Structure formats: structure tokens, C-alpha cells
Amino acid sequence: MTVAIVGAAETTELGKIPGLSQIQLHADAALNAFADAGLKASDIDGVATAGESPVNIAHYLGIAPRWVDGSSVGGCSFMLHVRHAAAAIEAGYADTILVTHGESGRSGVGRGGRGGGAGSLLAQFEGPYGSMGPTTMFTIGVLRYMKHYGMTHEQLAMVAVVQREWAGMNPRASYRDPITVDDVLNSRMIAYPFHLLECCLVTDGGGALILTSAERAADFPNKPVYILGSGESVETPMVSQMKDLTSSQAFRIAGAEAMRSAGIGHGDVDHMMVYDAFAHLPIWGLEDLGFCERGEAPAFIEDGNTRPGGVLPLNTNGGGLSYMHSGMYGMYALQESVRQMRGTAPAQVPGAAVSLCLGVGGMFAASGCIVMGNELP
Amino acid sequence: MADTPGRRPRPLPQPTPETRHFWDGTKVGELRLQRCNDCEHVYFPPRPLCPACSSRDVEVFNASGSGKLLSYVINHRPHPSFDGPYAIAIVELDEGPTMLSNIVDCEQTPQALVLDMPLEVTFEDNGDIAIPLFRPRESQS
């Protein structure tokens with residue numbers, strides 16, 4: 001397949017532009033490219049950028065992408081983006097990709113970089129209110145979920161209880177002693193309605209993966225684990241701007257794409273990992289990927305379906321709540337999926353042949369989802 | 001959350017050219033939103049383009065300042081600018097957009113902070129910047 005560039009434009013002005021912040025320079029160029037191509041944001045399903053996070057660009061322009069590239073390796077980043085975009089379009093990961101650049105190099109307006117300085121939307125419109133990172137912001141939609149779907153404090157606590165059961169089977173888990181719902185609800189309040197045991201650990205650690213072609217994989221010493229499908233998306237850098245506090249758009253897009261590209265249905269998944277920075281993440285993951293109807297995941301977990309011996313073993317390493325959480329836990333979720341597919345996990349799920357691994361980035365800002373299998377598709 | 005001697009001021013925003021109208025508004029007691037002239041979409045935070053249809057033809061207007069309590073947490077960990085525990089809330093404005101804020105003139109407890117309670121904007125003067133906060137509507141006379 002040959003891939004082509006069908007729209008191209010620079011910012012309306014060049015030179016000295018003190019009237020536009022850096023993100024608006026990205027946006028101005030993007031809108032001009034839309035005009036050049038006769039498109040608008042809703043026609044775009046892939047975003048690549050450097051200097052700003054692709055999350056910021058997608059949210060600012062109103063794009064719900066199913067392919068994202070934030071490779072940032074200096075001034076040639078955009079050549080890499082074009083190359084990655086061509087590969088993505090060939091692979092069917094996206095149909096229409098936007099690559100943006102904007103830099104207030106002279107005027108220095110709104111130059112926050114990826115984290116966002118004092119002029120970023122995050123710093124302006126969430127920073128003043130005493131937010132303290134994930135404990136206060138990742139968790140802020142849960143009371144709305146509880147009111148809307150009737151989830152109880154006990155059901156939320158049950159997520160931590162079940163994952164501790166898995167951790168008890170894992171010699172490498174940080175916390176292995178069994179806990180009860182009362183233990184969770186009696187642990188220190190961190191940010192109501194979240195208690196200490198409903199928040200992830202803070203640990204050190206690392207992980208690495210090596211990938212090659214399926215053809216070459218047979219020559220390596222360990223059982224190959226095959227990538228059956230994958231998905232990705234971003235929604236917003238600001239939790240307060242999520243379209244629905246009780247559901248993650250990035251989960252929905254990434255999960256559906258991963259299952260579609262793997263050609264699997266819900267019944268094909270033998271093992272599942274959902275990045276659990278906080279106890280509600282598995283609930284959001286199960287519902288946003290369609291394993292449960294909206295509002296039904298708390299009862300699904302409470303009824304034992306995700307615990308050892310249940311129909312959908314979930315977070316079998318003990319998860320971020322009990323195994324470990326170094327900050328960017330996604331690598332450890334992938335490692336557990338690999339172990340399960342190799343058949344070497346401490347809490348091995350008998351006969352598991354397909355594993356779905358759902359990651360979150362930021363606070364529902366981004367998601368990546370990988371489906372693995374232990375047989376060549 | 002009332003002013004406490006020795007408490008550090010809350011982290012203050014640094015307006016950009018695209019958000020200046022919003023912060024000019026809070027300074028004079030107005031909560032300003034934007035509306036697309038092509039598709040009528042009302043949105044926040046500020047930017048000179050419509051995130052629904054990519055139009056550049058957008059206008060600024062004064063919102064009613066009324067909304068409801070959509071969700072919140074009550075933070076129990078210490079923050080240099082707040083006397084804890086204090087609530088961080090998401091307010092849904094009558095015009096549709098949501099925004100993060102704090103709830104003032106109200107006990108910071110689950111019993112006092114009831115989801116969907118009506119709220120109205122109030123502005124906290126911080127020198128060059130006024131921060132929009134919300135308080136219960138119809139509760140403080």
C-alpha cells in the first residue's frame with residue numbers, strides 16, 4: 001500500500017507571534033491543514049506530535065484518535081512521525097493522520113513542554129484548586145459513578161480484597177497477607193471516598209520486552225507469546241474535561257480496536273489485566289471494554305468472577321494495589337500477561353490461551369491495549 | 001478553606017493570549033464561556049476554535065454562573081494552600097461544560113456535599129487573578 005500526504009500548511013503567520021501560545025500554534029497550523037485538505041477534526045483518527053503531548057493536541061482540537069505517536073527525538077521527530085504514520089495506515093491502525101508542530105521559540109508564550117507549564121490549560125484550570133495528582137484527580141469521578149449506578153463503598157473495597165487474594169499466590173508481591181472489606185474501609189482516608197488500601201503502592205522496579213517476527217520467534221529459547229491485536233487512544237489531559245466521568249473514552253476506543261484487530265470476542269479472553277492505579281480502574285476497564293454492562297462490574301467482582309477460580313481471572317499478579325507500582329505500571333501488567341501466556345505465572349490460570357492487557361496513561365488521559373496469545377494466529 | 005495566616009496562596013494560573021478573556025472576566029465578576037457560531041457548541045476551557053466542528057468562528061459570552069455538583073473528592077493529605085480536609089469538585093455548568101473548582105460556604109463533608117446540589121459561582125480575589133469558586137445556591141440566604 002502506498003501512503004500519501006493530502007493536506008499541508010504552516011501557521012497563518014511566521015516570525016514573531018506573541019499573540020499565540022505554543023499549543024495554539026499547533027492548532028493554527030492544523031486548522032490550516034484541515035482547510036487545505038477539506039477536512040475537520042472529526043475526520044482525523046490518528047495524531048502525532050512532538051514538543052506537546054499528543055493528548056493535549058487531540059483534546060484541544062477535538063480529536064478522538066485510535067492511533068497516537070508522541071515520539072520526541074528532537075527536530076527530526078516529524079520525519080519519524082511521517083514514517084510511523086505510513087506504517088500505521090498500511091497496517092490499518094488509522095485512516096487519516098494529523099502530524100503537528102508548533103513552537104513559540106522566540107516569544108516563549110505558553111511553552112510548557114509535555115508536562116505543561118503555568119500557562120498550560122491544566123495549570124490554569126485545575127492547578128488552583130488544591131489537586132494533588134492521582135490520589136485526588138484519578139478518583140474524582142467515582143462518587144458520580146456510585147450515585148449513578150448504586151455502587152457501594154463495600155463493593156469498591158472488594159476490588160482490593162480480591163487482588164490481595166491473587167497477590168497471596170505470588171511470592172514477588174509486595175503485600176501478600178489476606179485482607180477483608182473491613183480492613184480496607186478502616187484503612188486511612190486518603191481522598192474520600194478512597195482509603196489507603198484502595199490506592200496503589202509506590203515502589204521501585206523495572207521491566208523490558210523484546211519483539212521480533214513470528215517466523216524468527218521459533219528460534220528463541222522460550223515459548224513465543226504472539227501479539228494478536230492492539231489498540232490505543234487519548235482523551236484529555238484534564239480529568240475535569242472527560243466527556244463522562246463514569247467511563248473512559250480512551251478505554252472504549254483502545255479496547256474495541258484491540259479486540260477487533262485480534263478478531264476475538266469477550267468469550268475468547270481467558271485472562272485479563274487492567275492497570276489498577278486505584279480500585280475503580282478494573283471496574284471502568286471491565287465495563288468500557290464490554291465485559292460487563294455499564295454499572296454491573298462492581299457486582300461481577302463482588303460475586304467472585306475475577307478471583308482465583310473465577311470465570312475471568314483479573315490482575316493475577318496482585319496488581320498495582322498489591323503487587324507493585326513504580327509509577328508507570330503498564331510494563332508490569334504486560335509482564336504478567338506474558339507469564340500467563342508462557343504458562344509460567346506464579347498464579348497460573350490453567351489453560352489460558354488469550355490474555356487481554358489494558359493500560360491507562362495519565363489519569364484516563366490515554367490508553368493502550370494489547371491482546372496476546374500463546375498460539376500462532 | 002477560609003484565609004488562614006501563614007497559609008501559602010493557592011497556585012495561580014498564568015493566562016495565555018487564548019485564555020486572557022476568561023481571566024479578564026473573573027476579575028470583573030464574570031464567568032465567560034465560548035460558543036461556536038457555526039454549530040452552537042458551548043465549550044470550556046478557552047481556545048479560539050470549536051472542538052466539535054473545527055470552526056474558527058467562535059464568540060465569548062457571559063455564563064449564568066449557575067451549575068450543579070457533578071462529583072468530588074475530599075482530600076485528606078496536607079496541601080500548603082489548604083486547611084484540610086477540603087473538597088476538590090467538578091461542577092457542571094447550566095450551559096453544559098464542566099470545570100474543576102472548590103466549594104466554599106459549605107462544610108467539607110460527605111453529608112454537606114450532596115451530588116447534584118445547585119451551586120453558584122463566586123470569585124476569590126488573588127491580586128492580579130480572581131479564581132472562580134462555587135457555593136451552594138439558595139443555602140446562604
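The values are calculated or read from the model by the stated rules, or taken from the named source; none is laboratory data. Not measured: the values here are computed from a predicted model. Cβ placement follows ideal geometry from the backbone for every residue including glycine, while neighbour counts extend to all protein chains displayed.
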Can you list the helices (runs of 4 or more DSSP H) found entirely within segment A:15-114 that contain at least 3 residues being polar (S, T, N, Q)?
A:22-37
Can you name the number of the only condition in (1) over 25 Å from A:ALA258 (Cα atoms); (2) modelled with pLDDT of 95 or more that A:TRP67 fails?
(1)
Go over the candidates A:SER326, A:SER337, A:SER322 one by one and state the one that is in contact with a Lys or Arg (Cβ under 6 Å, 6 or more places away or on another chain) and assigned by TED's automatic domain parsing to the domain that holds A:ARG252.
A:SER322
Out of segment B:92-121, which residues are farther than 27 Å from B:TYR43 by Cβ and more than 8 Å from chain A (Cβ to nearest Cβ)?
B:ASP105, B:CYS106, B:GLU107, B:GLN108, B:THR109, B:GLN111, B:ALA112, B:VAL114
Hits in segment A:11-37 (condition: exposed (fewer than 13 other Cβ atoms within 10 Å of the Cβ) and more than 11 Å from chain B (Cβ to nearest Cβ)):
A:GLU13, A:LEU14, A:GLY15, A:LYS16, A:ASP36
Identify, please: which residue in segment A:198-209 is closer than 20 Å to A:PRO282 by Cα and more than 14 Å from chain B (Cβ to nearest Cβ) and is, among those, surrounded by the most Cβ atoms within 10 Å (Cβ to Cβ)?
A:CYS200
Return the pairs, sorted by first residue and then second, in which the second residue is assigned to a helix (DSSP H, G or I), the first residue lies in segment A:239-265 and is at positive phi, the beta carbons are less than 7 Å apart, and the residues are 6+ apart or on different chains.
none
Looking at B:SER64, B:SER81, B:SER71, which is the one that is among the small types (Gly, Ala, Ser) and over 27 Å from A:PHE138 (Cβ atoms)?
B:SER64
Looking for something part of a helix (DSSP H, G or I) and over 17 Å from the mean Cα position of the chain (by Cα) - is there at least one such residue anywhere in segment A:273-283?
no
Those residues of segment A:177-196 which are within 14 Å of chain B (Cβ to nearest Cβ) and not β-branched (Val, Ile, Thr) amount to A:LEU185, A:SER187, A:ARG188, A:MET189, A:ALA191, A:TYR192, A:PRO193, A:PHE194, A:HIS195, A:LEU196
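Matching residues to (1) modelled with pLDDT under 95; (2) of a type in the set (Ser, Thr, Tyr); (3) not assigned by TED's automatic domain parsing to the domain that holds A:VAL239:
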site: A:HIS148; (1), (2), (3): no, no, no
site: A:GLN163; (1), (2), (3): no, no, no
site: A:SER174; (1), (2), (3): no, yes, no
site: A:VAL184; (1), (2), (3): no, no, no
site: A:MET189; (1), (2), (3): no, no, no
site: A:PRO193; (1), (2), (3): no, no, no
site: A:ALA208; (1), (2), (3): yes, no, no
Across segment A:85-110, the tally of residues that are touching a helix residue (DSSP H, G or I) at 6+ places or on another chain (Cβ under 8 Å) and closer than 20 Å to A:LYS16 by Cβ stands at 6
Might you check whether a residue that is in a loop (DSSP other than H, G, I, E, B) and more than 14 Å from every other protein chain (Cβ to nearest Cβ) occurs anywhere in segment A:130-140?
no
Somewhere in segment A:41-59, is a residue among the β-branched types (Val, Ile, Thr), over 22 Å from A:GLY117 (Cβ atoms) and buried (at least 19 other Cβ atoms within 10 Å of the Cβ)?
yes
Answer yes or no as to whether B:VAL73 is closer than 14 Å to A:TYR129 by Cβ, of a type in the set (A, V, I, L, M) and in contact (Cβ under 8 Å) with a residue 12 or more places away in the chain.
yes
Quick one: which of A:HIS153, A:HIS148 is under 25 Å from B:MET117 (Cα atoms), touching a helix residue (DSSP H, G or I) at 6+ places or on another chain (Cβ under 8 Å), surrounded by fewer than 20 Cβ atoms within 10 Å (Cβ to Cβ) and within 14 Å of chain B (Cβ to nearest Cβ)?
A:HIS153
I want to confirm something. Restricting to segment B:125-137 and keeping residues that are in a strand (DSSP E or B) and out of contact with any Lys or Arg (no Cβ under 8 Å at 6 or more places or on another chain), which single residue is farthest from the other protein chains (Cβ to nearest Cβ)?
B:PRO136
Every residue in segment A:87-112 that is more than 14 Å from chain B (Cβ to nearest Cβ) and under 23 Å from the mean Cα position of the chain (by Cα), please.
A:ALA87, A:ALA88, A:ILE89, A:ALA91, A:GLY92, A:TYR93, A:ALA94, A:ASP95, A:ILE97, A:VAL99
Looking at segment B:101-135 only, could you name the residues that are within 13 Å of the chain's Cα centre (by Cα) and under 21 Å from A:LEU143 (Cα atoms)?
B:SER101, B:ASN102, B:ILE103, B:VAL104, B:LEU119, B:GLU120, B:LEU133, B:PHE134, B:ARG135
Segment A:280-296: number of residues that are acidic (Asp, Glu) and over 15 Å from A:GLN249 (Cβ atoms)
2
